[in-house]
Amino acid sequence: MAKEVVYNAKLRNTSICGATETILIHKNIVKKFSNPILQALENNGCKIIGDKILKSYYKGQVYSAKEKDWSTEYLASIVSVKVVKNSEEAIKHINKYGTMHTDSIITKNKKTAKYFLKNVKSSIAMHNTSTQFADGGEFGFGGEVGISTNTLPPRGPVGLNQLISYKYEITSNGKIRN
């Protein structure tokens, strides 16, 4: 499931705000899963930028990650990959470097997934779902408009309704977007 979801999340459309830009892999599964997941990306033209730990496990081409890679929105066939020791480190990394737009966890552990969904600061938090679903049309809101949702810039009379933002939590069993 992880191979299919990650592939879709990164390469279905690389130039949208929901395209995956960074992949965090738990240290306990990096040996087993980094090669099938990342090889599928690399074989389809995706450049892999990774940390030192990844370089010792992944058999493909890995370019050395720099600090700026963790916060870069490539909007291209490039992905940064970091190995983390646990879900807490992953959440801390996302909350420090991420855009707070859309993040997804792939795990069979429902307790870990629930912890992730509640603690990641992203406006769309997903479990076993491609980030490519981060789209107003997919949420039933109609066509999207090109606005930044990073800050709340209300103008004019401001009441409670103008200061509210939402966090969406989506769970599936490997759903990808066509």
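No value in this document is a laboratory result; all are computed from the given coordinates. If you're wondering where the values come from, they're calculated on a predicted model, not measured in any experiment. FYI the Cβ positions are ideal-geometry reconstructions off the backbone, even for glycines, and counts take in every protein chain you see.
Compute, for the chain, the length of the dipole vector about the Cα centre, with Cβ point charges of +1 (Lys, Arg) and -1 (Asp, Glu) only. Units Debye, rounded to 20.
740 debye
Could I have the simple spin-label model distance between Phe141 and Lys52, label points 7 Å from Cα toward Cβ, reported in nm to one decimal?
4.2 nm
Report, in listed order, any pair from Lys31/Lys167; Lys3/Lys85; Lys66/Lys167; Lys68/Lys108; Lys68/Lys175; Lys10/Lys110 with a Cα-Cα distance greater than 28 Å.
Lys31/Lys167; Lys66/Lys167; Lys68/Lys108; Lys68/Lys175
Label segment 2-73 by shape, choosing from rounded, prolate and oblate, from the square roots a ≥ b ≥ c of the eigenvalues of the Cα gyration tensor; if a/c is under 1.5 it is rounded, and otherwise prolate applies when a/b is larger than b/c, oblate when it is not.
oblate
Rounded to the nearest 0.05, what FRET efficiency do Tyr166 and Asn119 have when you use their Cβ-Cβ distance and R0 = 22 Å?
Efficiency for this residue pair is about 0.85.
What is segment 76-125 by shape, rounded, prolate or oblate, if you read a ≥ b ≥ c off the alpha carbon gyration tensor as root eigenvalues and call it rounded for a/c under 1.5, prolate for a/b larger than b/c, and oblate otherwise?
Judged from the Cα gyration tensor, segment 76-125 comes out prolate (a/c at least 1.5, a/b above b/c).
Identify which of Gly45, Gly140, Gly18 has the largest mean-square fluctuation in a Gaussian network model of the chain, with springs joining Cα atoms closer than 10 Å.
Answer for the Gaussian network model of the chain: Gly140.
Grab the Cα-Cα distance for Asn173 and Thr112, subtract it from 0.36 nm times how many residues apart they are, and report the gain in nm with one decimal.
Taking Asn173 through Thr112 to full extension adds about 20.5 nm, to one decimal.
Divide by every residue of the chain the summed helix terms, -39500 (n - 2.57) for each DSSP H run of at least 4, and state the resulting mean residue ellipticity at 222 nm, rounded to the nearest 500 deg cm²/dmol.
That calculation yields -8000 deg cm²/dmol at 222 nm.
Looking at the chain as a GNM with Cα springs under 10 Å, which of Tyr97, Tyr166, Tyr115 has the largest mean-square fluctuation?
Tyr166
For Glu89 and Ser64, what does the FRET efficiency come to when R0 = 22 Å and r is the distance between their Cβ atoms, rounded to the nearest 0.05?
With a Förster radius of 22 Å, E is 0.65.
Cross-link candidates for Lys111: which aspartates and glutamates have Cα within less than 19 Å, leaving aside residues fewer than 8 places away along the same chain?
Glu88, Glu89, Asp103, Glu169
Which option, [x] 18.8, 60; [y] 16.5, 58; [z] 15.8, 44, is the value of Rg and Dmax of the Cα atoms in Å that was calculated from these coordinates?
[y]
So which trypsin sites (Lys or Arg not before Pro) in segment 53-123 end up in coil per DSSP with only 11 or fewer other C-beta atoms within 10 Å?
Filter output for segment 53-123: Lys59, Lys66, Lys85, Lys108.
With springs only between Cα atoms under 10 Å apart, run a GNM on the chain and tell me which of Glu21, Glu88, Glu138 wobbles the most.
Maximum among the listed residues: Glu138.
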